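The structure appears below as structure tokens.
The values are calculated or read from the model by the stated rules, or taken from the named source; none is laboratory data. Quick caveat, the model's predicted, so the values are computed rather than measured. Note that we place each Cβ from the backbone using ideal geometry, even for glycine, and neighbour counts take in every protein chain shown.
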Amino acid sequence: MNEYFEFEDGTFWAARSLGNQFFIEQGEINNYLDPECMVYDTDSNPRYHSVLIKTFSNEKEVESEGQQEANEKAKTALLKDALFWEEALFRNPLLLFFMPSELKTSELCLKLVKRNGLVLRYIESEKKSELPCFYAVRENPRALEFVPDQIKCCGVPGIKLCMMAVKDYGKTLQFVPESVKSEGSQGIEICKLAVFSDGYALRYVPEKLKDKDLCINAVKNNAFAINYVPQKLKTKQLCGLVFKSKQRNWGYFDKDIPPLLSSVPEEYISKEMCFEAVDIDPPSLKYVPNKFLNDKVFIKKLYKVAVERNGCEALKHIPANFIDSELCILAVNYPIDIDINLIPEQFRTRQLYLDAIKNDQCADVIKQIPEEFKTFDFYHDAVKLNGNALQYIPLKYQNEEMYFDAVRETGCAIKFVPLEYQTAKLALEAIKHEKYGMAFSYIKDNLKTKKMCYDVIKKNGLMIQDVPKKYLTKSFCLLAVKNHFNVFKYLPREFKTEEFALAAVSKFSMGLQEIPEELRTKKVCLKAIKNSSLDKNVLKYVPEKYLTPNFCLKTVNQSPDSLKYIPEHFKSLGLCFAAVLAGKWEGNVLSYIPNEIKTRTFCMMAIKIDRGNLKNIPDEYRTKDLYVNLVKNDGLALKYVPGNYINKEMCLSAVKQNGYALADVPVSFQDAKLCLAAVQNDFNAFGFVNKAYLTQELCFAAIQDWTAGLVFRQIPDEFKSFELCLKALQKCYYMVGISQEITDYLREHYNIPNLLIDMVQTNAFVLEVLTPEDKTYDLCLKAVQQNGKVLEYVNEEFMDFNLCYSAVSEEGVALQFVPKNLVNKELCLRALQNNPYALKWIPSHYLNTEIIIDAIMREGTNLQYINEDQRTIELCKIALEQNPYALEFIPEQFKSDGPEAFDLHFSAVSREGYTLNYVPKQLRTSELCLMAVQNSSIALEFIPAKMRTPNIYAEAFKSNKFDLNIFKDLTFSVKQYEKLYMELLSIYKDDLK
């Protein structure tokens, strides 16, 4: 028996039976009721403690007693007519579970699965046709579980349905019939898509389809997929990938998943692997190889890591003799599943109990505290640390001060304050200390003022559902829908209009999901699409009658993944290419493009735009030559190369092209030569070097440029020789924090004569991090002779003409740091001789025409430091000839219309496209714009919108084939995108073969 009632006061009563048990849930109608949650094991799921369970001797008794209780509730409940069900189902489509079968029309079912795919569970088999199943799976891939097998097995439509589900949520592979999974190439494709989506889907792949490539991809995507890799395929290389996996943060929460280390052959397990394993999976502690157990230092550190990252759960797997007070404190400081029963009694102190209460969000742990600790002072201290503790404190210990302390710690604690003790002052304090206004839900209506309601709605529009009816004005409701996407369904009936629908989607595109179909007008849908916060799923809520090529184009430009919701007949070459361009760095778009468009050439172009597209190209294009060439030109593409194509030569090629590719080199292919090549290319690769291959030579190679200091932090002390430290210091110009670290390290570890002089002569900027007491005149002189700019850090008492002259002789711009009383003509001319930029700091009374012309002939942008009335056309031409960027500082009267102005513009733009920015907008001709982008793709942003044609974009791309950012924010039509594609084909014609 299943019953659902609502009442005048805005509450509900729901009941369902299962076997000999009767389950009852009640609460506010706006609380989202999931009928399946009512029958969960409430003992092990505290979230469902509100469910009342009654157990009877047999099912007949359940039916009788349940019906009797339901009849009693029906007496005061609202009438369940058509309007009742319309409003209830709009708030929560899952309430279809309680609706009488005769009212479940096909039209209603179709409408509901579009809003929540899981509603399919409650639709009778005869109404589960292909259409509602399609919309259900599209809305929520997990709905595949409730699609009848005859639809899943129905040829091409069934295969497409299964593909759509597993592509979005890999684990739905478990609901794909075995006959479909085993059906030739299409079955293999379904399994591949599932594993690409979530490696854990390997669990549901038929054993005969598990090959090396599939298993490698599975483990790359999810560490726990290793549990389902056949033993014969578990190589050292594959096991090494477990701890580089994308998903490594769950596992033991699913009790049926074996511990991570239990599935790795013992001979492949290293100490580093043990740390990585227990970091995410405490049960793996049981499978640490015996060979490591005698290393007490290692084991103690391993247990500490396990507890730090997993709390009390890890204590279950640690021998009692290793558990000490430090581990116990760490355990209760981890905020999930705090269990005092796992703490040995000798470590259970008052402070530990309070720490546990503080870190347990719900404060449930207070129930585990021994009676002797439960005093007024203890309870009061507990509430100060966690306001939620108030719910477990006996009324005799509660007082007003405790209530205020509770809501100050967390505003929502007001829900545990007895209604008779709630005051206006307490209510305001609760609101003040709750960031999202949620405390408002638990405040008595008679304490809610108009101002309080306004302030809360401004914070969180969702709180409109708890505003007293007398305050539900038009302005309040408009404010609410603009502040939260999920508000529309809570509005009074008179405000469910197109005006409010437009307001709902103006800020949150996903507000469209909550708007009834009859209000999803073309105007409302367009407003949602134009929203800057466009959600990729919003298109599935747009009625198909409003879809046009341009409508679809606007959607994919803002959210490329929405291509999957666009009907096939709209997917033209232009639209698909627009999606590929907009989907750069996402790598999923290619999987939603029809096969007839997804030619080899199109796929190669997509890979050029985003290497991530490599994972979604058709199998027939995957060849060894393809991967070799791609990796040669883009080392990071190694990440997407199937394991069976990877070899040592390819890995070396990858890291030579991009050292960071070392992150994706399998452990079995790493060696000293390869690691050295990676680090020489990119210092970031140092973090991925196996410790076995660390050498002095490799460490030196890692500190070749200004990034040296960042690497220095990662280099083990045994490799930090004096020479290496000096070299790192030499490269750390302007990186004050790191220079300080290296300086401190040298002074601590190398007590040698003239150390400060060695450091200053290596990197003059060391002077910045030395204390005034460390500095001497001679030291400062040596520093400014090495780099004049450090004159800024010389002690004031050491400043004299000789030292300042040495500084500006080495670096002219040091003139800016010379005390005014020491500045003279000789010093200024010396500075200018060294660096023409010194002109900026030379007093005007030392300047003459000859000096100015000389400075500008050496650096044209010095024009900016000359008074505008002195900038003659002749001087401007000299400046421009030396540096096209001087155009920025030429007076407007010379840049206005006329032949001479055009010559100035032409001179600058023909050499540096970016200078188009300094050409008056009205003079940016098509000829000048074309010339600009041919020199620099960056110039594109300064070209008027009306002149940005596909040809202009193509020319911009030619000037820098790697600057794909030029294609962002395009405003082309579908046809123009097609033309742009053809233009780019001509540029890439040799590369795409």
How many residues are surrounded by fewer than 20 Cβ atoms within 10 Å (Cβ to Cβ) and either under 18 Å from ALA814 (Cα atoms) or in contact (Cβ under 8 Å) with a residue 40 or more places away in the chain (or both) if we restrict to segment 860-876? 1
Taking segment 158-190 only, how many residues are farther than 20 Å from ASN140 by Cβ, of a type in the set (S, T, N, Q) and part of a helix (DSSP H, G or I)? 3
So, in segment 495-537, exactly how many residues are surrounded by fewer than 16 Cβ atoms within 10 Å (Cβ to Cβ) and modelled with pLDDT under 85? 4
Residues that are over 21 Å from ASP990 (Cβ atoms) and assigned to a loop (DSSP other than H, G, I, E, B): does segment 623-640 have at least one? no
Enumeration of residues in segment 85-107 that are modelled with pLDDT under 95, in a helix (DSSP H, G or I) and within 21 Å of ILE151 (Cβ to Cβ): PRO93, SER101, SER106, GLU107
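Any chance segment 547-560 includes a residue that's assigned to a helix (DSSP H, G or I), within 13 Å of PHE485 (Cβ to Cβ), under 21 Å from the mean Cα position of the chain (by Cα) and touching a residue at least 24 places away in the same chain (Cβ under 8 Å)?
There is no residue in segment 547-560 that is assigned to a helix (DSSP H, G or I), within 13 Å of PHE485 (Cβ to Cβ), under 21 Å from the mean Cα position of the chain (by Cα) and touching a residue at least 24 places away in the same chain (Cβ under 8 Å).
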Within segment 277-295, restricting attention to residues that are surrounded by 21 or more Cβ atoms within 10 Å (Cβ to Cβ) and either among the charged types (D, E, K, R) or out of contact with any His (no Cβ under 7 Å at 6 or more places or on another chain) (or both), which residue is farthest from VAL219 (Cα to Cα)? VAL288
Condition check for TYR627: closer than 23 Å to ASN681 by Cβ and more than 24 Å from the chain's Cα centre (by Cα): yes
If only one of LYS425, LYS482, LYS496, LYS474 is more than 25 Å from PRO516 (Cβ to Cβ) and not hydroxyl-bearing (Ser, Thr, Tyr), which one is it? LYS425
Test each condition in (1) in contact (Cβ under 8 Å) with a residue 12 or more places away in the chain; (2) farther than 20 Å from GLU518 by Cα for GLU126 and report the one that comes out false. (1)
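Any idea which of ALA14, ALA77 is in contact (Cβ under 8 Å) with a residue 60 or more places away in the chain, in contact with a strand residue (DSSP E or B) (Cβ under 7 Å, 6 or more places away or on another chain) and assigned to a loop (DSSP other than H, G, I, E, B)?
Working: ALA14 fails: assigned to a loop (DSSP other than H, G, I, E, B).
Exactly one of ALA14, ALA77 is in contact (Cβ under 8 Å) with a residue 60 or more places away in the chain, in contact with a strand residue (DSSP E or B) (Cβ under 7 Å, 6 or more places away or on another chain) and assigned to a loop (DSSP other than H, G, I, E, B), namely ALA77.
Out of all the residues in segment 355-408, which are of a type in the set (A, V, I, L, M) and surrounded by fewer than 20 Cβ atoms within 10 Å (Cβ to Cβ)?
Once the filter is applied, which keeps residues that are of a type in the set (A, V, I, L, M) and surrounded by fewer than 20 Cβ atoms within 10 Å (Cβ to Cβ), segment 355-408 yields LEU385, LEU395.
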Just to be sure, is LYS540 assigned to a helix (DSSP H, G or I), surrounded by fewer than 21 Cβ atoms within 10 Å (Cβ to Cβ), touching a helix residue (DSSP H, G or I) at 6+ places or on another chain (Cβ under 7 Å) and charged (D, E, K, R)? yes
Per the filter on segment 413-430, residues hydrophobic (A, V, I, L, M, F, W, C) and at pLDDT 95 or above are ALA413, ILE414, PHE416, VAL417, ALA424, LEU426, ALA427, LEU428, ALA430
Residue within segment 684-699 that is surrounded by 15 or more Cβ atoms within 10 Å (Cβ to Cβ), closer than 21 Å to ALA661 by Cα and of a type in the set (S, T, N, Q) present: yes
Of residues in segment 191-248 being over 26 Å from the mean Cα position of the chain (by Cα) and not in a helix (DSSP H, G or I), the one farthest from PRO141 (Cα to Cα): THR235
Being under 29 Å from LYS820 (Cα atoms), under 41 Å from the mean Cα position of the chain (by Cα) and among the charged types (D, E, K, R) narrows it down to one residue among LYS789, LYS727, LYS782; which is it? LYS789
Is segment 363-370 home to any residue that is of a type in the set (D, E, K, R), modelled with pLDDT under 95, within 38 Å of the chain's Cα centre (by Cα) and more than 27 Å from CYS412 (Cα to Cα)? no
Going through VAL278, VAL297, VAL307 one at a time, which residue ends up being without any contact (Cβ under 8 Å) to a residue 24 or more places away in the chain and assigned to a helix (DSSP H, G or I)? VAL297
If you scan segment 1-17, which residues turn out to be at pLDDT below 90 and closer than 20 Å to ARG121 by Cβ? MET1
Would you point out the residue of segment 578-593, among those that are modelled with pLDDT of 90 or more and within 19 Å of TYR621 (Cα to Cα), that is surrounded by the most Cβ atoms within 10 Å (Cβ to Cβ)? VAL580
Residues of segment 129-165 being out of contact with any Cys (no Cβ under 8 Å at 6 or more places or on another chain), of a type in the set (Val, Ile, Thr) and modelled with pLDDT of 90 or more, which ones? VAL137, ILE159
